[in-house]
1. With charges set only on the Cβ (+1 for Lys and Arg, -1 for Asp and Glu), what does the dipole of the chain come to about its Cα centre, in debye to the nearest 20?
2. With the contact rule set at Cα under 8 Å and sequence spacing of 6 or more, what percent relative contact order holds for the chain?
3. Once fully extended, how much extra length lies between Asp18 and Arg124, figured as 0.36 nm per residue of separation less the alpha-carbon to alpha-carbon distance?
4. Compute the Cα gyration tensor for segment 34-77, then decide on rounded, prolate or oblate, letting a ≥ b ≥ c be the square roots of its eigenvalues: rounded whenever a/c is under 1.5, prolate when a/b is larger than b/c in the other cases, and oblate in all that remain.
5. Please compare each pair in Lys28/Lys92; Lys63/Lys146; Lys81/Lys125 to a cut-off of 28 Å on the Cα-Cα distance and tell me which ones are over it.
6. What are the lysines whose alpha-carbon lies under 17 Å from the alpha-carbon of Lys111, with same-chain residues fewer than 8 places away excluded?
7. Among Ile60, Ile38, Ile49, rank each residue by its count of other Cβ atoms within 10 Å, from fewest to most, as a rough exposure measure.
8. Can you give me the distance in nm between label points at Ser69 and Gln106, each placed 7 Å from the Cα along the Cα-to-Cβ direction?
Amino acid sequence: MANTFSQIYIHCVFATKDRNSAISKTWKDELYKYICGIVNNSNQKVYAINGVSNHIHILISIKPNCLLSDLVRDIKASSSKWVNTKSFVKGKFQWQEGFGSFSVSQSQLDKVIAYIDNQEEHHRKLPFKEEYLGFLKSYNIEYDEKYVFQWVDDSVAPTELG
């Protein structure tokens, strides 16, 4: 697209199926590298990726011709297949349906990167459900809580594996 200039930054959040604590500290860095490869091979760019045992955050920049839903679908499908091929989990690894995506301005990049980089510390204090609903509220996104995620008991912050 000649003469098309853009800066589109998106903070994506998605969870494991039923928000199970399925992502282990022992292989999460490999997963993140794999996901970065998917994004890079789609000609988009990852600025930050991190998470905890039941969800991840990715800050990406996308080009105007990128369909975000297709990119996230490809990330989730390919990474699920990769995790299952590696036999990192007992049973079948899956991501939950849907995702959150939130626009980020250039002036907020450092703040969002720091937020993503500090997920483990952040989730010692705040459960994922509260975090995610907080995003929806702060971005004024209308939602019906029964359709957001299939919530499990969230009275305590998620625990980390291995």
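Throughout, read-outs are computed from the coordinates displayed, never taken from laboratory work. Small disclaimer: the values here were computed from a predicted structure and weren't measured. Cβ atoms come from the backbone with ideal geometry, glycine included; neighbour counts cover every protein chain shown.
1. Charge dipole, the chain, about its Cα centre: 480 debye, nearest 20.
2. Here the relative contact order equals 35 percent.
3. 36.2 nm
4. Prolate shape, in that a/c is at least 1.5 and a/b is the bigger ratio.
5. Lys63/Lys146; Lys81/Lys125, as the Cα separations exceed 28 Å there.
6. Partners found: none.
7. The most exposed by this proxy come first: Ile38, Ile49, Ile60.
8. So the two model labels end up 3.0 nm from each other.
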